[in-house]
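We did not get these values from a lab; they are worked out from the coordinates using the rules stated. Values in this document were obtained by computation on a predicted structure and should not be read as measured data. Here the Cβ positions follow ideal geometry from the backbone for every residue, glycine too, while neighbour counts run over all protein chains shown.
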Amino acid sequence: MDKYWDIFLNSFVGYFNYLVEEITHPKLTGYFYWLIGLSLLVMILEVIFPWRKQQKFFRQGFWLDLFYIFFNFFLFSLIGYNAVSNVFVNLFNDGLVAIGIKNLVAVNIATYPVWFQLFVMFVIADFIQWNVHVQLHKRNWLWKFHKVHHSVKEMGFARQFRFHFMETVVYKSVQYIPLAMIGFGIQEFFLVHMIGVFVGHLNHANVGWSYGVFKYILNNPKMHIWHHAKTLPKQHQKGVNFGLSLSVWDYIFGTAYIPIEGKNIDIGFENDENYPKGFWEQMKQPFKE
């Protein structure tokens with residue numbers, strides 16, 4: 001038991017030191033400045049190529065969304081998630097050893113070319129996330145947490161990271177075993193993750209791109225706006241267009257829906273005008289419900 005307590009305590013110090021190192025000593029694989037850089041890039045695209053020209057740049061909830069970016073990307077790990085997840089990973093791995101399993105790697109993807117590693121990891125991670133996203137809408141107890149993300153009333157790049165911290169717990173828990181089984185590397189995972197961040201920023205941004213024929217493969221703003229639509233089709237009352245980076249899953253499984261250009265549709269959910277507007281109130285709301 002002392003071992004896990006030490007892991008828990010040391011994780012706080014370890015993550016704090018890591019975060020300080022990220023900020024004070026920029027490097028090619030540093031999350032902090034990549035996040036800022038990609039955010040600034042998409043912000044500029046919103047200014048140059050606005051889809052909804054009447055929408056203000058400092059749209060409704062803009063500053064709250066910026067806080068969500070840094071909370072969900074860094075602060076949540078700093079205040080406890082990193083420590084708790086490290087303890088559970090060690091407990092899980094010790095449990096495997098106890099039953100005679102030394103590791104979960106079924107296919108050592110590290111032996112393949114880097115481009116193939118990136119491709120496989122990107123596709124598998126996105127498919128897992130697509131399935132989790134579907135469940136966030138279909139399961140009422142999960143939807144209570146996901147409503148935070150759908151509480152937005154004007155779309156913009158930072159909307160991607162307005163989500164309840166419990167979504168991080170759900171996504172990472174479900175992804176852990178499949179990704180561990182293919183032996184993913186930290187550097188490759190970093191690249192896949194930042195690609196996901198960039199595509200996610202674009203999907204929520206005030207730009208009207210759909211990428212031509214590639215719209216059937218990559219998610220895009222014109223498709224994702226319908227995921228946030230307040231009025232859903234009768235045959236898809238639990239949601240449509242669940243893709244995070246790839247749209248192909250929605251076309252394969254019949255959840256793709258783009259009836260018309262959705263530039264000015266009403267987004268949100270029923271009675272969202274009564275949903276809490278502040279960060280702490282939104283964090284507490286799912287537990288109250």
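Values as computed for the structure displayed
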item: Neighbour-limited loop hits for GluC sites (Glu not before Pro), region 228-283 (at most 14 other Cβ within 10 Å; DSSP other than H, G, I, E, B); result: Glu261, Glu270
item: Difference of contour (0.36 nm per residue) and Cα-Cα distance, Val114 to Leu66; result: 14.0 nm
item: Pairs from Lys263/Lys288; Lys53/Lys263; Lys172/Lys215; Lys53/Lys138 whose Cα-Cα separation, in the structure shown, is over 22 Å; result: Lys263/Lys288; Lys172/Lys215; Lys53/Lys138
item: Where a label projected 7 Å from the Cα of Ile252 along Cα→Cβ would reach, residues of region 132-156 with amide N under 17 Å; result: 132-135
item: Residues of type aspartates and glutamates that Lys27 reaches as a straight line, Cα spacing below 18 Å, ignoring anything fewer than 8 places off in the same chain; result: Glu188
item: Point-to-point label distance, Phe269-Val123, nm (Cα→Cβ direction, 7 Å offset); result: 3.3
item: Simple spin-label estimate for Leu40 and Phe73 in nanometres, 7 Å along Cα-Cβ; result: 1.2
item: Relative contact order of region 2-288, defined on C-alpha pairs under 8 angstrom at six or more residues apart (%); result: 22
